[in-house]
Every structure is written in structure tokens, then in C-alpha cells.
Amino acid sequence: MVHRLWFQAGIGILLAMLIIFMFQQIREVFNPLFIIAKTIFLPLLVGGVLFYLTRPLVNWLESKKFPRWASILTILLLLVFVFWLIYTLIGPVINKQAAALAKNTPEMVEEGEKFIDYLLSQREHLPPQAVQSIEQATQNVNEWVLGLGTWLLGFLQSFLQGLFLLILAPFFLVYMMKDHEKFAPFVAGFFSGERKTWVRKTLHDLDVTLRSYIQGQLLVSFLVGIMLLAGYLIIGLDYAMLLALFGMVTNVIPFLGPYLAVVPAVIIALLQEPQMALYVAIIMFIAQQIESSFISPNVMGKALDIHPLTVITVILAAGNIAGIWGIILAIPFYGVVKTILSNLYQKRTEIREAAGKELD
């Protein structure tokens with residue numbers, strides 16, 4: 001029985017649960033490590049993302065006989081220029097729209113209440129279920145609109161505060177670009193024989209998985225943000241740049257991101273002009289159809305090959321466990337775990353086939 005896969009898997013799960021339980025009992029001992037990990041988490045994450053984004057350019061420069069140091073210096077100068085351009089062109093617009101949103105929030109609440117009052121004045125022509133829903137919305141409209149403004153401002157403030165933590169990101173980026181080829185040999189050096197070969201292959205597959213996801217997802221999100229901005233500007237939606245930026249950021253979350261992005265845009269459109277909410281919904285629908293039918297298949301392909309139901313389940317579970325960071329990192333983490341398990345299963349299958357041939 002001890003050789004059965006289900007038995008070994010059960011023992012492994014029990015041991016993992018025991019380790020987690022023991023870790024919870026002595027977690028105070030590891031508090032200094034937690035503090036260090038939280039400090040370097042964001043810079044390391046940003047450095048890793050920038051590494052995968054700039055890696056094709058580094059490879060291209062080196063193919064043109066650029067030395068490694070010259071490629072790294074070129075990338076750093078290019079990143080500085082891009083961030084300066086964004087700060088110069090987009091920063092003032094975002095700040096202006098965020099300030100206007102904060103200033104106009106009370107007026108938006110008042111307009112929302114007038115709209116609800118008008119609907120209630122027509123209750124005689126509405127079904128009872130609709131009247132009940134409107135009355136419930138009347139009670140919550142202040143919280144909705146005030147919560148929206150507070151959330152967007154909090155998001156912007158958190159984003160700006162996070163920029164101060166990114167001073168270490170260039171250092172991580174430089175060392176990743178300089179020594180990334182040494183990582184796999186270093187890890188594989190602890191093994192020998194077939195295990196060393198398997199470790200090298202698994203690390204290569206993990207690299208491909210992360211590269212495909214990061215490059216593809218960020219490019220898709222950027223293109224969706226551009227489409228939303230163009231659509232919002234065409235219909236004259238207030239706070240178009242701020243809402244498009246929010247849509248671009250939330251689109252990083254697979255499957256659920258577009259639904260999160262449309263909520264504040266529809267609310268603001270309703271308060272600005274009711275029929276504009278329909279235009280916003282149409283713009284979001286067109287952008288998502290273009291993204292799902294043309295952009296994602298050609299940019300990302302089947303990088304992770306995850307069923308939509310699995311995506312929803314993983315995101316919801318990760319959100320309950322780790323909040324916003326869990327939502328953002330859930331799918332790439334799932335892809336990493338899936339890649340490791342796939343390689344383990346493939347290795348186990350090869351061992352079984354080899355054992356069967358020896359018996360024959």
C-alpha cells in the first residue's frame with residue numbers, strides 16, 4: 001500500500017499540514033524574516049516584471065554585439081526616459097482628474113439622489129420588485145458614490161506611496177539582467193544525474209511560463225487601456241484618463257478584471273448622463289471582444305491553459321487569503337505550481353515506463 005500514489009499523496013498532504021501548523025506556533029521567531037521579506041517584496045516583484053519586459057530588448061542588443069554592460073545601461077536609460085515621459089504627460093492629467101473627482105463627489109451624490117427620487121416618483125408605473133430595488137439603492141447610493149471616490153483616491157495614493165518603495169527595484173533589475181543565466185546552474189548544482197537534468201528542465205519551463213504570462217498579460221492590459229481611453233474620450237466621459245488607467249490595472253486580473261473595471265465607469269456615466277452608461281457598457285463589450293478574440297490569442301496564446309472556472313476559483317480563494325496581492329499573483333502562482341506538478345508527473349511516468357521495460 002505504501003507504494004500507492006494516493007497513499008503517498010495523502011502522507012505528503014498530512015506532513016505539509018503538520019509543518020504549517022508547527023510554523024504557526026513559532027511564527028514569532030520568524031518575524032524579522034517577515035519584515036525583511038515584506039520590505040523587499042515589492043521592489044523584487046517590480047524588478048522581476050521589468051526584467052521579463054526588457055529581456056527581449058536585452059537579447060536583441062546582445063545579438064547586435066552589444067556587451068552586457070552596454071545593454072544594461074541602455075535599458076536603464078530607456079526606462080528612465082519612459083517613466084519621465086509618463087510622469088510628464090500623464091501624471092498632471094491623473095492628478096487633475098483625481099482632484100476633480102474628490103471635489104465633485106458631494107455633487108455626484110446629490111445628482112444620484114435626484115435620479116433615484118425621480119424613479120421613486122414613478123413607482124406607480126413600476127413593478128413592486130423594481131420599487132423595492134430602487135428603495136434599497138436609495139439607502140446605499142451615498143455609500144456607493146462616496147466609497148467610489150475614496151477608493152479611487154486611496155488607490156492613487158497607494159500607487160504613489162509604492163513608488164517610494166521602488167528605489168531598490170533598479171538594483172534587482174540590474175542583477176537579474178547581469179546574472180540571470182547563473183541561476184539555473186546554481187540551483188541544479190545541488191543535484192546530480194537525472195535529477196539535475198530534471199531540475200534544469202523544470203526551471204526552464206518555469207521561466208517560459210512566467211515570461212509568457214507577464215509579457216502577454218501586461219501587453220494585453222496596455223492595449224485594453226488604450227481602447228478604453230479612446231472610447232471614453234469619444235463619448236466625452238468625465239475622468240476618462242483615470243478610469244482608463246483603472247481599467248488597464250484591473251485587466252491584469254484574468255477574467256474578473258474587466259468586470260471590476262466597468263463598475264466605476266458605469267456609475268460615473270449614470271451620474272453624468274444616464275444614457276452614457278449604455279455607451280460605456282458598449283465600449284467595454286467591444287474592447288473585451290477585441291481582446292478575447294484577437295489580442296490575447298495572438299499575444300498570449302495558451303501560455304497557462306487554465307479553464308475559466310479554475311481562474312475564478314483560484315482568484316476568489318487567493319483574494320480571501322491574501323487580499324489584493326493574492327488576486328494579482330494568484331494566476332501566475334498557480335501557473336508555477338501547475339508547471340512543477342506537470343514536470344513531476346512526467347518524470348514519474350518516465351520512471352514507470354522504464355521500470356516496465358526492465359520487467360519485460
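Where a number appears in this text, it was derived from the coordinates with a stated rule and is not lab data. For clarity, every value in this text was computed on a predicted model and none was experimentally measured. Heads up, the Cβs are rebuilt from the backbone with ideal geometry, glycines too, and the neighbour counts pull from every protein chain shown.
Suppose each label sits 7 Å from its Cα in the direction of the beta carbon; what would the residue 171-residue 345 distance come out to in nanometres?
So the label points at residue 171 and residue 345 sit 4.2 nm apart.
Simple spin-label model, 7 Å along Cα-to-Cβ: residue 201 to residue 100 in nm?
5.8
Between residue 222 and residue 354, what is the FRET efficiency for a Förster distance of 51 Å, r being their Cβ-Cβ separation, to the nearest 0.05?
Calculated value: 0.65.
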